[in-house]
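Here is the structure we will look at, set down as structure tokens.
Read-outs throughout are calculated quantities, based only on the coordinates presented, and are distinct from any laboratory measurement. This is a predicted model, so every value here is computed, not measured. Positions of Cβ are backbone-derived with ideal geometry, glycine not excepted, and every protein chain shown enters the neighbour counts.
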Protein chains: 2
Amino acid sequence: MRKKPKQQRSQSLVQSLIDAAAETIAEHGLAAATAARIAERAGVSVGSLYQYFESKEQIHTAVIEHIATGLRALVHAQIEQLPQKGIRDFVQDLLHEVWNFLEADDQRYLQITRHWAQLDFVQVMNGLERQMTMALAVYVMHHPPRQPVEDLPAKVYILVNSVLFTVVRYISDPAPHVTREQIIRSFAQAAAQLMNQDESR
Amino acid sequence: MRKKPKQQRSQSLVQSLIDAAAETIAEHGLAAATAARIAERAGVSVGSLYQYFESKEQIHTAVIEHIATGLRALVHAQIEQLPQKGIRDFVQDLLHEVWNFLEADDQRYLQITRHWAQLDFVQVMNGLERQMTMALAVYVMHHPPRQPVEDLPAKVYILVNSVLFTVVRYISDPAPHVTREQIIRSFAQAAAQLMNQDESR
DNA sequence: CCATAATGCGAATATTTAGTCGCATTCAAT
DNA sequence: ATTGAATGCGACTAAATATTCGCATTATGG
């Protein structure tokens, strides 16, 4: 960011640029999110845009950070309820929340998440992983299963990535032949089994 | 494709363009795979490129199709061995194969797969899903578990997408804190449990 | 060997895009 | 009210890039 926005008008200008960038990426993809288009959508001149952002990519990064904050908050809130819920319900509810989050605002965040490879989404997922690994480790310690859980970090790695990508892929799917509820149920089952917390045996 | 390449020299020209495109995407990303660069790498003029491809995107699509063929063959070969192996070993071996495939040739295919959202990779995954669903349905029919498998299509959907995306993500990860073997083992376990084929209980 | 179709070329054109710069406008402190 | 700093503007520049077109070269069938 070139200059720090000091006055209030410039701060809201920066915000409107970030919003406009998010909308543009969501509606027309990353490639279409050019400096000119973002500025126009924000009702701002390109000159002003470059007053606060070094480059086009810096705006994209700002958008990611915005999404990341939302995701982190959501996961954090759910983790607080893990002890009372147990793994299965926890995963189920978390999945519902993530799903709704990605679908909100006309799938604004979804479209952005699809371009994870080109954006710095990897950092975000690393953060989520750590958060989840800690929480699950603590939970398993307090609810020791008959058989100890092996490779817990690997399992969390799988779960976090699988959930996020599969949901993104599902929402992107024009004609999925399975239902959202089936996916969520299956994921919850898989998670519970992986943590050896499956009571139905 | 504008013209059909009839003579042998033009056919190999087309092939060299596709190869060059794959290499360019792999090494420098999708955005860098411009018409000029692809042509240069193939040792061909841009004019010739546009003689056989309507647009830059059409080359990208051709590259995808090439990868898809490889993946399909690989999965097909593994599915043949499913009956003798059982779910767990099947998934484990399949994962090793997919992993090696994506890492081969200096991760040539990996980089391409990372851009699935912008390319037509969705079709590929639909195909793989159908292939796997059929195979697993047949297997489960011949090896009925104590409890019937619910939501089989959904579970296969999860498995296929999770495996592919998680592997891609893992190979992209500059500093993963879990090992490849842990991931594979955990996935194999998850698959076996999901199909109620877990004998270790 | 000739006629004709297929192939190959790359300079030239048209478009798109990132990023800059000098000038105009607004704010905030005195 | 005045003044200097902050903000905002958008035409302009420079660089990439997609795609075309007329001409040169090469293969093929007779």
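Could you tell me which of A:F165, A:L110, A:P148 has its Cα farthest along the dipole of the range A:80-169 towards the positive end, charges placed at Cβ (Lys, Arg +1; Asp, Glu -1), taken about the Cα centre? Selected residue: A:P148.
Quick one: P(r) of the range A:10-98 from all Cα-Cα pairs, 5 Å bins, percents rounded to integers, in order of increasing distance. All Cα pairs considered, the percentages come to 3, 14, 22, 16, 10, 9, 9, 9, 6, 3, 1. By the Stokes-Einstein formula, at 1.567 mPa s and 4 °C, the protein assembly as shown with its Kirkwood radius over alpha-carbon pairs has D equal to 56 µm²/s. Each of A:I64, A:Q8, A:Q92 was scored by the projection of its Cα onto the charge dipole of chain A, and the greatest displacement toward the positive side belongs to A:Q8; charges sit on the C-beta of Lys, Arg, Asp and Glu. Label point of A:E65 (7 Å along Cα→beta-carbon): distances to the other copies' equivalent points are 4.4 nm, sorted ascending. Among the residues of A:185-195, the average count of other protein chain beta-carbon atoms within 10 Å of the residue beta-carbon is 5.
Partner shielding of B:164-171 amounts to 5, given as the average count of beta-carbon atoms from other chains within 10 Å of each residue beta-carbon.
Of the GluC sites (Glu not before Pro) in the range B:123-201, the ones in a loop by DSSP (not H, G, I, E or B) with at most 13 other beta carbons within 10 Å are B:E150, B:E199. The calculated Kirkwood hydrodynamic radius for the range A:86-129 is 11.7 Å, given to one decimal from all distinct C-alpha pairs. The amide H of A:F53, built 1.01 Å from its N in the peptide plane, has A:R2 as neighbours under 5 Å, considering only residues 5 or more places off or on other chains.
Cross-link partners of A:K3 among lysines, defined as those whose alpha carbon lies under 29 angstrom from its own and excluding same-chain residues fewer than eight positions apart: A:K56.
For the range A:98-156, the set of trypsin sites (Lys or Arg not before Pro) satisfying both a DSSP loop assignment and a count of at most 10 other C-beta atoms within 10 Å is given as A:R146.
Relative to the compact-globule estimate of 2.2 N^0.38 Å, the Cα radius of gyration of the range B:119-201 comes out at 1.23.
Comparing the range B:61-194 with the 2.2 N^0.38 Å rule of thumb, its C-alpha radius of gyration ratio is 1.05 (two decimals). Its Kirkwood hydrodynamic radius, worked out from the mean inverse distance over all distinct Cα pairs, puts the range B:8-54 at 10.4 Å. Placing +1 on the Cβ of every Lys and Arg and -1 on the Cβ of every Asp and Glu, with no other charges, gives the range B:8-54 a dipole of roughly 120 debye about its Cα centre. Of the trypsin sites (Lys or Arg not before Pro) found in the range B:1-39, those that fall in a DSSP loop while having at most 16 other beta-carbon atoms within 10 Å are B:R2, B:K3, B:K6. Across the copies of the chain, B:A104 has label points (7 Å from Cα along Cα→Cβ) spaced 4.4 nm apart, shortest distance listed first.
Quantify how strongly other chains surround peptide A:142-153 by giving the mean number of their Cβ atoms within 10 Å of each of its Cβ atoms.
Across A:142-153, the average partner-chain Cβ count within 10 Å equals 2.
The range A:165-188 and the range A:42-69 have their alpha-carbon centroids 32 Å apart.
Could you state the angle between the C-alpha long axis of helix A:56-80 and the longest principal axis of the C-alpha atoms of chain A, as a value from 0 to 90 degrees rounded to the nearest 10? The answer is roughly 30 degrees.
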